[in-house]
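Visitor: Quick one: structure below, then a few questions.
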Amino acid sequence: MKRPLTWLVLSFCLGISAAGISGIPFLAAYGFGYIESQTIALSAYLAACIFFLLGIFLFRKPLWFNLSLFCCIFFLGVSTLRNCSTFPKCHVYNYLSYGKENIYTVKGIVIDQPQIKANKAVFPFKIRQIYFNRLARYACGEIRVYANTKKQLRYGDELLLTGSFWRRKYQHHKNTRNQDILPVLQVKSPLYTIKLNENKGFFLKRLALRIKEKIEETIFKRLSPVPAAIVDAMILGERKHIPVLVYNSMIKSGTVHILVVSGFNVGIVLFIIMLALKFIRLNRTLRIYAAFPLLVIYCLATGASTPVLRATIMAAVFMSAFLLKREPDIYNSCATAAMIILAGDPRKLFDIGSQLSFATVLSIIFLYPRIKLFLGSESLRPKYVKFLLNTLVVSLCAWLGTLGLVAFYFGTFSPVTVLANLFIAPQAVLLTLCGFSFIAAAFICPPAAYLFAHACELLVVVLIKTNALLIKLPGAYFRIY
Amino acid sequence: MFNLTYEERRVILFLAGLALTGLLISFFIKMHPCPAGVTRIDTDSRIAKVDINRADYKDLRELLGLAPGLAEKIIAYRSACGRFKNLEELKEINGIGDFRYEKLKDLFFVQP
């Protein structure tokens, strides 16, 4: 099967990497002294245009056309990253002076659900106006707000906030390379948080966050704190309630990925949606059309993190392939997901979550069939041995794919990961299924929800105990730095 | 490498062309934001006012959106008579009556 998108994404990623890592000048004329981001963006853009025109002229010569296209997409990648890191004149960065003595008032919109911790609301905020020196200016850009307030804030609220800015410092700079580190606005007094309007955000996201709020309420009402925190993380991707000890022990065993909403969860949600729609006797085409917006709502409710976004796009590509009566190809759908995510924000290429997500998927889809063929597991009998071996191989592939990245970013090497995943992953599957059943029961038949709640609690206890046992094995994990 | 058919080449060129156009538009929007979006004063008197003794012609025109003639008159008055001691002095400028003064007083303050 042809995989043109894979090559295009590869050249796009190479362009982004070249721009992000080296910052090389693309025209000799600009190669002296400090090179502004805009200049590089424009130079790379001109190069992309030249290769694009060459592509048109060499349309009938496959080799030259391909080369021109490769270069065009490469320079498009460079230009996209540089353009992304170029701030407009009205960007909030252009107005800021950090420090307590500089007081600013900003007007804008809350763009995600605020996290409340001890009367402090923490949320990302999209600025529309900024006031300082008794002047008001139209501004754009995002900041993070730490507001000392008791007000009930939601996504889409229009606020007027007054406070001072400071900039977060990170110890591990390689983790935040090419990432947009948002300035923080500290709002000390509750009087400085004035709500001007409500419901200003995107309606679908508002709906998704309301649903998420309701689900979280149900989880924490019916489960004890630790199981509730773990079920919340596995189903809705909220890790803020997980006890530090549990979280750290999962990092050590390399199984922390189960606490993140990923493609697996999207798969389960899709399966549940399709099953529910099948019960109401919709035909397959209609089921696919109906499933897509529901998947988008789930994606938005979990914060649209890269793994969920990737899985949602891949699922959409697969469903579209069915609608268009084409054979779906996992490499092409993965490339489509990468292209869409990177076109939206090329800095995602340097994001740890994105790298781990794509590395895991690619290593599984590339290595799994080859290792399986090498071991000859297809002919194994009885079936449960074959299932166990295949699970082990998937775990091994994922571990191999992320080994280098985990060692580089987190400084840990966990040989126990393969073994841990053999035991933890099936439990996580059960727990996720049980969690979804519990939520469905809580809304459809509340008295039955307690049955699932107890099952969830039992599974969480078993999961934590298994994990604790595994990290006690000799040589389970090593710290590299 | 890509092994593309003519149809696929057309589609990819079309998409690349669209991406290039979109990038160019995005780049120019960033470089040249619309004039109304650059700066303006807010009508909320609690927060944003301009010191009438410090504002120059550009501030009066761009921040407050005053007419060129009126901005020139305010600058000329300040050059001739010195600092404004209070906002009532605005009425002494030719062309500023009670009606216009009511509108202007919300845009300025006098630093004591």
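Visitor: Can you pull out the residues in the range A:101-123 that are in contact with a Gly (Cβ under 9 Å, 6 or more places away or on another chain) and not in a strand (DSSP E or B)?
Guide: Within the range A:101-123, A:Ile103, A:Ile111, A:Asp112, A:Gln113 meet the criteria.
Visitor: Quick one: in the range A:139-152, of everything that is more than 14 Å from A:Gly163 (Cα to Cα) and surrounded by fewer than 18 Cβ atoms within 10 Å (Cβ to Cβ), which residue is nearest to the other protein chains (Cβ to nearest Cβ)? Outline the logic, then answer.
Guide: As a first pass, look at the range A:139-152 and keep what is more than 14 Å from A:Gly163 (Cα to Cα): A:139-142, A:150-152.
This time we only want the ones that are surrounded by fewer than 18 Cβ atoms within 10 Å (Cβ to Cβ), so: A:142, A:150-152.
Numbers: A:Glu142: 15, A:Lys150: 22, A:Lys151: 19, A:Gln152: 24 Å.
Among them, the one singled out is A:Glu142.
Visitor: Continuing with this model, one more query. Quick one: which residue in A:Ala44, A:Ala48 is farther than 30 Å from A:Glu158 by Cβ, buried (at least 21 other Cβ atoms within 10 Å of the Cβ), modelled with pLDDT of 85 or more and of a type in the set (A, V, I, L, M, F, W, C)?
Guide: A:Ala48
Visitor: In the range A:456-467, what residues are closer than 22 Å to A:Leu422 by Cβ and open to solvent by 40 Å² or more (accessible area, probe 1.4 Å)?
Guide: Selection gives A:Leu458, A:Val461, A:Val462, A:Ile464, A:Lys465.
Visitor: Within the range A:80-100, take every residue that is in a helix (DSSP H, G or I) and at the interface with chain B (Cβ under 7 Å from one of its Cβ atoms) and give me the one that is modelled with the highest pLDDT.
Guide: Here is the first cut: in the range A:80-100, the residues in a helix (DSSP H, G or I) are A:80-84, A:92-95.
Still in the running and at the interface with chain B (Cβ under 7 Å from one of its Cβ atoms): A:80, A:83.
Numbers: A:Thr80: 87, A:Asn83: 81.
Per the criteria, the residue is A:Thr80.
Visitor: From the list A:Gly475, A:Gly435, exactly one residue is out of contact with any His (no Cβ under 8 Å at 6 or more places or on another chain) and within 25 Å of A:Gly237 (Cα to Cα). Which is it?
Guide: Sole residue among the options that is out of contact with any His (no Cβ under 8 Å at 6 or more places or on another chain) and within 25 Å of A:Gly237 (Cα to Cα): A:Gly435.
Visitor: Quick one: in the range A:55-79, of everything that is open to solvent by less than 20 Å² (accessible area, probe 1.4 Å) and of a type in the set (Val, Ile, Thr), which residue is farthest from the other protein chains (Cβ to nearest Cβ)?
Guide: A:Val78
Visitor: Give me a count of the residues in the range B:1-25 that are part of a helix (DSSP H, G or I), more than 16 Å from A:Tyr45 (Cβ to Cβ) and more than 7 Å from chain A (Cβ to nearest Cβ).
Guide: 6
Visitor: Next question, about the same structure. Does A:Lys126 satisfy the condition of being of a type in the set (D, E, K, R), in a strand (DSSP E or B) and in contact (Cβ under 8 Å) with a residue 12 or more places away in the chain?
Guide: Yes.
The values are calculated or read from the model by the stated rules, or taken from the named source; none is laboratory data. Computed from a predicted structure; not experimentally measured. Reconstructed Cβ throughout: ideal geometry from the backbone, glycine too, with neighbour counts over all protein chains shown. Areas reflect the complete protein model, heavy atoms only, side chains present, ligands, DNA and RNA absent. Shrake-Rupley method; radii C 1.70, N 1.55, O 1.52, S 1.80 Å.
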